[in-house]
Amino acid sequence: MAQANEEDTIDDLVRRAQGGDVGAFEGLYRAHAAAIFALCRRMVRDETEARELVQDVFVRAWERLTSFRGQSVFGTWLHRLAVNVVLERVRVVRRDGARHVTDDDDEALFGAHSDAGDMDIRMDLEAALATLPQGSRTVFVLHDMEGYSHDEIAHMTGIAPGTARAQLWRARRALMKRMAV
Amino acid sequence: MTHLTEEQRHGLADGSLESPAAAAHLRECAACSADVDRIRRLMTRVSHSNPAPVEADDLWPSIRARIEGQKVVPLPARGEGAPARPGLHKWVWGIGGVLAAGLIALWVARPRAGTADSTNVAQVGDSGVSLVAVMDSTHAYEQEAQALLNRLELQRATMRPELARIVERDLRAIDVAIAELQGAIRTDPNNPALRRLLASSYRQKVDLLKRVSNAG
């Protein structure tokens, strides 16, 4: 099976991968793995789970590759697919009794150990993100880090746009507190 | 003095709010101005954050194993009759399974490197089927499959999501097998058995697409 060459463009790799070339798909993986992992890592607290999600994303991308028609940039398509994979996992966790995306309470966001002044070290962004409840973290990552609009977030998560905005503001406040901004 | 709302502060900070009145208030209110600046500092730190590095080699083997694992399609249980529409996926799996079994059998029986090519020549003579005829039928099936795929695109919008997912998955399995056969043919172009299997693969793809088209 052919391997990806450095000269191959993403379009070339997509075309070959759509024809079943796993080597070409590996090239797509290497080009986008870092960004997808960053997204998954920010959306979930656990690094092991983030790695599992990265695998799920690329397997799903392989399965759905024939549905990519080139009307958008492949990275954009892959990113959107990754968000859906992560949100599906979040919804599964929710069904199992974890917090709903709108169930973040003030204690979780602004509780006793959330103030950077209580600690000797200010949290960096990644560490502070990991302390946020799932709902706030989801909205913050999707809006402020990944650039989705409130309407898009509402559509993907099933919450109202107004609720998404409120979640975002609360997330920002919590991060500012943890990072001593 | 009435201070800005939370919505106004965040909107001014991220640029989503264009309000001359709110902007004017910022110029006059130190408390609101300081708060909006804090939010902007947070957003600046966010925009400058770099994604955490990932060990690409660490994850690819697992991904590849799962992708490769999808190529194995289980055969249907003996005794299942022609399915009604809700059972469409049963024979879809069956077609892929027969194809996979044929591919595996052919791979096991393939000529090893260093062996004489006489067996290939003998097979051409024994089967009585010329390579040209096999190649012609492959091309014809390829064209028919593409025409049916174009029709399938129109059906996708009204297809049940579960069925669409299964059809897509099994088409993928057949396409992967076809791609492997094409690769094998490139290294062994005079092997008629490979070309017959490729033609058979396309025929199965066409059969699958026809049944989906008729069911839809």
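Cβ separations smaller than 6 Å between residues 6+ apart or across chains give no pair from region B:1-17 residues that are within 8 Å of another protein chain (Cβ to nearest Cβ) to residues that are part of a loop (DSSP other than H, G, I, E, B) and modelled with pLDDT under 90.
Could you tell me whether any residue of region A:136-149 is part of a helix (DSSP H, G or I), charged (D, E, K, R), modelled with pLDDT of 60 or more and within 24 Å of B:Gln8 (Cα to Cα)? Full working, then the answer.
We begin by selecting, within region A:136-149, every residue part of a helix (DSSP H, G or I); these are A:136-145.
The next check asks that each one be charged (D, E, K, R); those that pass are A:137, A:144.
In the following step, the residues that additionally are modelled with pLDDT of 60 or more were identified as A:137, A:144.
Then drop every residue that is not within 24 Å of B:Gln8 (Cα to Cα), which leaves A:137, A:144.
Yes, region A:136-149 contains a residue that is part of a helix (DSSP H, G or I), charged (D, E, K, R), modelled with pLDDT of 60 or more and within 24 Å of B:Gln8 (Cα to Cα).
Residue count for region B:152-168, restricted to those that are assigned to a helix (DSSP H, G or I), modelled with pLDDT of 70 or more and of a type in the set (Lys, Arg): 1.
Please go through region B:155-209 and give me each residue that is of a type in the set (D, E, K, R) and at the interface with another protein chain (Cβ under 9 Å from one of its Cβ atoms), ordered by number.
Filtering region B:155-209 for residues of a type in the set (D, E, K, R) gives B:156, B:160, B:162, B:165, B:168-170, B:172, B:175, B:180, B:186, B:188, B:195-196, B:203, B:205, B:207.
The answer is B:Arg156, B:Arg165, B:Glu168, B:Arg169, B:Arg172, B:Asp175, B:Glu180.
The single condition among (1) at the interface with chain B (Cβ under 9 Å from one of its Cβ atoms); (2) among the hydrophobic types (A, V, I, L, M, F, W, C); (3) farther than 26 Å from A:Gly135 by Cβ that A:Ala35 does not satisfy is (3). Anything in region A:150-177 that is of a type in the set (Gly, Ala, Ser) and either part of a helix (DSSP H, G or I) or farther than 18 Å from A:Val83 by Cβ (or both)? List them, or say none. Answer for region A:150-177, where residues must be of a type in the set (Gly, Ala, Ser) and either part of a helix (DSSP H, G or I) or farther than 18 Å from A:Val83 by Cβ (or both): A:Ala154, A:Ala160, A:Gly162, A:Ala164, A:Ala166, A:Ala171, A:Ala174.
The values are calculated or read from the model by the stated rules, or taken from the named source; none is laboratory data. Just so it is clear, the model here is predicted, and its values are computed rather than measured. Note that each Cβ is placed from the backbone with ideal geometry, even for glycine, and that neighbours are counted across all protein chains shown.
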